[in-house]
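Have a look at the structure below before the remarks.
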Amino acid sequence: MLDHLTVVKHPLIQHKLTLMREKDTPTAVFRQLLREISQLLAFEITRELPMTTKRIETPICEMDAPVLDGRKLALVSILRAGNGLLDGVLELIPSARVGFVGLYRDEETLQPVQYYFKVPPELDNRLVIAVDPMLATGNSSAAAIDLLKGAGASDIRFLCLLAAPEGVARMKAAHPDVPIVTAALDERLNEKGYIVPGLGDAGDRMYGTK
Ligand code: URA
């Protein structure tokens, strides 16, 4: 069982995260680093996937070799910044089904507003990994998980790059059954809802929109 919060302190992740935080890191490098970190985090979030064995033949002999058991995973990107994490994880788990939840944050109320929802069928039968780089207030993430549960998902994990204590608390209150895996737990949110020290707006930094 994963804990409610897992901070993955692997040196490679921490080094790459520092490069991402630096304000002058170019867009293309930022995206590449996010892709690399997403794969290292995916390693952690999939650590306890159920396994079975399959009879195979190596050039030397037969053996019962380990393979992933059963159900296809569903990866759900919380748009738009989630796509930066999604790409890397999907490269690692190419057979996963993919869904998208479109939520934007109203800059005044900081509340999530839904504009898109498309997920794979039979979510009730799948491990669902929801991805969003920034767990800030937790409002969007909790709302996205509400929607996924509404669509039948009952085995959900949440993968992010940075988390604020406020967001972790919000998720724990709303969805204590959803384990969170992140690369860092930062200090706090500022008055605009940005994570401090953070890395700024992940979507803007990923796509060069500011
Ligand atoms: N979303 C971001 O992209 N960055 C933050 O710091 C908080 C929310």
Would you mind calculating the relative contact order of the stretch 63-183 from Cα pairs under 8 angstrom and at least 6 residues apart, reporting the percent as a whole number?
-> 24 percent
Across the stretch 154-163, in residue order, what do the Karplus-derived ³J(HN,Hα) couplings come to in whole Hz, using 6.51 cos²θ - 1.76 cosθ + 1.60 with θ = phi - 60° and x for Gly and Pro?
-> 10, 10, 10, 10, 10, 10, 9, 8, 10, 10
Taking amide hydrogens as modeled 1.01 Å from N in the peptide plane, which residues meet the under 5 Å criterion relative to L75, leaving out close sequence neighbours?
-> R97, V98, G99, I129
What distance in nm separates the simple spin-label points at K172 and N190, each placed 7 Å from Cα in the Cβ direction?
-> 2.6 nm
In vacuo Debye scattering of the chain, one point per C-alpha: log10 I(q)/I(0) at q = 0.10, 0.13 Å⁻¹?
-> -0.42, -0.69
By average C-beta atoms within 10 angstrom, highest first, the peptides 136-148, 50-62 = 136-148, 50-62
Would you calculate a helix-derived [θ] at 222 nm for the chain, using -39,500 (n - 2.57) for each DSSP H run of n ≥ 4 and dividing by the full residue count, to the nearest 500?
-> -10000 deg cm²/dmol
Given charges of +1 on the Cβ of Lys and Arg and -1 on the Cβ of Asp and Glu, with all other atoms neutral, how large is the dipole of the chain about its Cα centre, in debye to the nearest 20?
-> 220 debye
So if we plug the beta-carbon distance of C61 and D87 into 1/(1 + (r/R0)^6) with R0 = 41 Å, what FRET efficiency do we get, rounded to 0.05?
-> 0.60
Global size of the stretch 132-210 as Cα Rg and Dmax, reported in angstrom | 12.7, 37
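Each value in this text was obtained by applying a stated rule to the coordinates, not by laboratory testing. Values in this document were obtained by computation on a predicted structure and should not be read as measured data. Note that we place each Cβ from the backbone using ideal geometry, even for glycine, and neighbour counts take in every protein chain shown.
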